[in-house]
Amino acid sequence: MLLKIKRVPTVVSNYQKDETVEKGGGCGRNCLSKCCLNGARLPLYTCNNVKEKPESQVSFLESLLLGEWEDRLQRGLFRYDVTACETKVISGKYGFIAQLNEGRHLKKRPTEFRVDRVLQPFDANKFNFTKVAQEELLFQFQASDEDTSQIQFFPNMPLDADRSPSVVAINVSPIEYGHVLLIPRVFDCLPQRIDHKSLLLAIQMATEAANPYFRLGYNSLGAFATINHLHFQAYYLARPFPIEYAPSLKITTTNDGVKISKLLNYPVRGLVFEGGNSIKDLSNTVSDASVCLQNSNIPFNILISDSGKQIFLLPQCYAEKQARGEVSSELLETQVNPAVWEMSGHMVLKRKEDYEGASEEKALSLLSEVSLSEERFKEVITTIFEAIGLSVDEEELEEQSSMDGSFIRVHCCYPSIKEEAVSN
């Protein structure tokens with residue numbers, strides 16, 4: 001059965017269109033296509049591929065990213081001033097964060113999106129990141145092939161289509177300060193699907209930023225990604241996400257030392273990955289699990305947290321329910337698209353009435369529709385573990401789940417929050 005939903009896609013580039021783009025000829029707007037690429041140059045940042053950065057200092061990557069982002073802000077490239085958006089913490093057990101972002105609301109005709117296929121072929125006739133203006137790009141980003149603690153920075157490097165660099169661009173409809181897009185191997189025109197190399201690059205960027213308040217997120221097709229060109233999103237939020245201090249229960253540890261846990265007492269069911277003998281071990285395990293979900297046609301979202309040390313994998317079913325007419329009109333009228341940020345506890349609201357009336361009960365009502373059922377989640381865990389060669393004793397897992405808090409681990413990189421969560 002073909003499942004589709006209608007929604008207004010978020011505008012991430014000033015040159016984004018709802019329908020197909022023009023064909024042939026120069027576009028006259030200095031984009032990344034062949035018509036404009038000749039002679040294009042952009043800073044190149046090359047990080048080391050192994051060393052974890054101390055969190056006590058501002059990294060060069062952070063200075064570069066925010067400096068370039070502020071430059072684009074001063075040049076008026078954003079659709080609105082995100083620093084003027086109201087934000088508050090919703091009272092209650094979870095501490096959900098609500099933001100009023102009326103700038104993201106567009107009065108345009110909704111576009112139809114297919115939500116029953118996580119893997120869809122790249123379509124060059126639809127908007128993709130080769131159509132963005134070069135002024136929206138901040139820098140090229142790559143990891144060194146060498147085992148070195150040194151970074152390299154070249155302020156004026158060619159944009160070489162044959163090399164297909166990974167680039168960092170602004171999101172012109174930002175959710176928070178420093179909101180950017182990481183686009184791996186931009187000229188390869190990869191569809192929105194996780195692969196091992198690209199996820200590792202995203203984790204390396206989180207590690208290099210060395211700031212726990214900088215997170216990267218990924219939305220699959222069917223889980224509110226609307227641009228079928230591989231990309232991650234990232235921004236700074238100067239407080240913990242509720243999901244980051246949710247308790248969890250260890251399920252198993254891989255041979256490479258990656259600990260896999262399941263979230264407990266959080267409205268969205270998901271898995272938490274951390275540890276490993278190296279960043280690559282952690283990345284490979286999450287990539288294997290993500291590829292399994294893709295191949296099983298299960299929509300999902302990823303949050304890369306704690307400077308790349310902690311990764312949340314969140315399968316979801318909201319768009320499918322919406323397509324089947326199983327979501328209440330009250331929820332649909334808010335026009336909130338529950339992607340990775342909302343699932344992590346950062347509620348981006350487009351209407352003042354929703355912001356003023358925001359409550360924990362309403363947030364839970366939304367997230368309960370996003371989450372898989374307990375039975376379906378168990379099936380997904382089994383599918384993932386079989387795909388990556390692990391086993392789990394469901395009876396033992398059920399027994400542990402019913403035990404006291406001494407068996408529950410709190411995953412959080414913020415000590416004060418961690419202590420508070422344990423005491424509760």
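If you go through the range 318-335, how many residues are buried (at least 20 other Cβ atoms within 10 Å of the Cβ), of a type outside the set (Ser, Thr, Tyr) and out of contact with any strand residue (DSSP E or B) (no Cβ under 6 Å at 6 or more places or on another chain)?
Adding up the residues that qualify gives 0.
Within 19 Å of PRO110 (Cβ to Cβ), without any contact (Cβ under 8 Å) to a residue 60 or more places away in the chain and not in a helix (DSSP H, G or I), is that true of VAL348?
no
Out of all the residues in the range 196-223, which are in contact with a Ser or Thr (Cβ under 9 Å, 6 or more places away or on another chain) and either small (Gly, Ala, Ser) or farther than 22 Å from SER144 by Cβ (or both)?
Within the range 196-223, SER198, ALA202, ALA206, ALA209, ALA210, PRO212, ARG215, GLY217, TYR218, ASN219, SER220 qualify.
Which condition does SER401 not pass, out of (1) modelled with pLDDT under 70; (2) of a type in the set (S, T, N, Q); (3) surrounded by 15 or more Cβ atoms within 10 Å (Cβ to Cβ), if it passes all the others?
Condition (3) is where SER401 drops out.
Which one of these is at negative phi, basic (Lys, Arg), more than 20 Å from the chain's Cα centre (by Cα) and surrounded by fewer than 18 Cβ atoms within 10 Å (Cβ to Cβ): LYS88, LYS131?
None of the others qualify; the one that does is LYS88.
Condition first: crowded, with 16+ Cβ neighbours inside 10 Å, within 19 Å of ASN14 (Cα to Cα) and free of Cβ contacts under 8 Å to residues at least 60 places away in the same chain. Now tell me which residues in the range 70-85 satisfy that.
The answer is LEU73, and nothing else.
When you scan the range 140-160, do you find a residue that is part of a loop (DSSP other than H, G, I, E, B), under 22 Å from PHE60 (Cβ atoms), without any contact (Cβ under 8 Å) to a residue 40 or more places away in the chain and touching a Phe, Trp or Tyr at 6+ places or on another chain (Cβ under 9 Å), even just one?
At the first step, the residues of the range 140-160 found to be part of a loop (DSSP other than H, G, I, E, B) are 144-151, 159-160.
Applying the additional criterion that residues be under 22 Å from PHE60 (Cβ atoms) yields 144-151, 159.
From what is left, the residues that are without any contact (Cβ under 8 Å) to a residue 40 or more places away in the chain are none.
No, because not a single residue in the range 140-160 is part of a loop (DSSP other than H, G, I, E, B), under 22 Å from PHE60 (Cβ atoms), without any contact (Cβ under 8 Å) to a residue 40 or more places away in the chain and touching a Phe, Trp or Tyr at 6+ places or on another chain (Cβ under 9 Å).
GLN192 passes all but one of (1) surrounded by fewer than 19 Cβ atoms within 10 Å (Cβ to Cβ); (2) out of contact with any helix residue (DSSP H, G or I) (no Cβ under 9 Å at 6 or more places or on another chain); (3) modelled with pLDDT of 95 or more; which number fails?
(1)
Could you run through the range 173-183 and say how many residues are out of contact with any strand residue (DSSP E or B) (no Cβ under 9 Å at 6 or more places or on another chain) and within 23 Å of SER198 (Cα to Cα)?
In the first step, residues of the range 173-183 are kept if they are out of contact with any strand residue (DSSP E or B) (no Cβ under 9 Å at 6 or more places or on another chain); the result is 173.
Restricting the remaining residues to those that are within 23 Å of SER198 (Cα to Cα) gives none.
Residues that pass the stated criteria total 0.
Take the range 302-325 and flag every residue that is farther than 11 Å from VAL370 by Cα, in contact (Cβ under 8 Å) with a residue 24 or more places away in the chain and outside any helix (DSSP H, G or I). Before the answer, list the steps.
We begin by selecting, within the range 302-325, every residue farther than 11 Å from VAL370 by Cα; these are 302-313, 323-325.
Filter once more, so that each one left must be in contact (Cβ under 8 Å) with a residue 24 or more places away in the chain: 302-313, 323-324.
Within the range 302-325, ILE302, LEU303, ILE304, SER305, LYS309, GLN310, ILE311, PHE312, LEU313, ARG324 qualify.
If a residue must be farther than 22 Å from GLN192 by Cα and among the hydrophobic types (A, V, I, L, M, F, W, C), how many such residues does the range 273-292 contain? Spell out how you get there, then give the answer.
Residues of the range 273-292 farther than 22 Å from GLN192 by Cα: 274-279, 281.
Next, from what is left, pick out any that are among the hydrophobic types (A, V, I, L, M, F, W, C): 279.
Residues that pass the stated criteria total 1.
Of all the residues that make up the range 326-343, how many are of a type outside the set (Gly, Ala, Ser) and not in a helix (DSSP H, G or I)? Don't jump to the end; show me each part of the working.
Of the residues in the range 326-343, the ones of a type outside the set (Gly, Ala, Ser) are 326-327, 330-338, 340-343.
So of that shortlist, the ones also not in a helix (DSSP H, G or I) come out as 326-327, 334-338.
Number satisfying all stated conditions: 7.
Output the residues belonging to the range 343-362 that are of a type outside the set (A, V, I, L, M, F, W, C) and either surrounded by fewer than 23 Cβ atoms within 10 Å (Cβ to Cβ) or farther than 20 Å from LYS93 by Cα (or both).
Taking the range 343-362 as the starting set, the residues that turn out to be of a type outside the set (A, V, I, L, M, F, W, C) are 344-346, 350-357, 359-362.
LYS350, ARG351, LYS352, GLU353, ASP354, TYR355, GLU356, GLY357, SER359, GLU360, GLU361, LYS362 - these are the residues of the range 343-362 that are of a type outside the set (A, V, I, L, M, F, W, C) and either surrounded by fewer than 23 Cβ atoms within 10 Å (Cβ to Cβ) or farther than 20 Å from LYS93 by Cα (or both).
For the range 248-262, what are the residues that are in contact (Cβ under 8 Å) with a residue 40 or more places away in the chain and buried (at least 19 other Cβ atoms within 10 Å of the Cβ)? Talk me through it step by step, then tell me what you get.
If we filter the range 248-262 for residues that are in contact (Cβ under 8 Å) with a residue 40 or more places away in the chain, which is where we start, we get 248-252, 254, 260-262.
Once the filter is applied, which keeps residues that are in contact (Cβ under 8 Å) with a residue 40 or more places away in the chain and buried (at least 19 other Cβ atoms within 10 Å of the Cβ), the range 248-262 yields SER248, ILE251, THR254, ILE260, SER261, LYS262.
The values are calculated or read from the model by the stated rules, or taken from the named source; none is laboratory data. The model shown is predicted, which means the values in this text are computed figures rather than measured ones. As a convention, Cβ positions derive from the backbone with ideal geometry for all residues, glycine included, and neighbour counts pool all protein chains shown.
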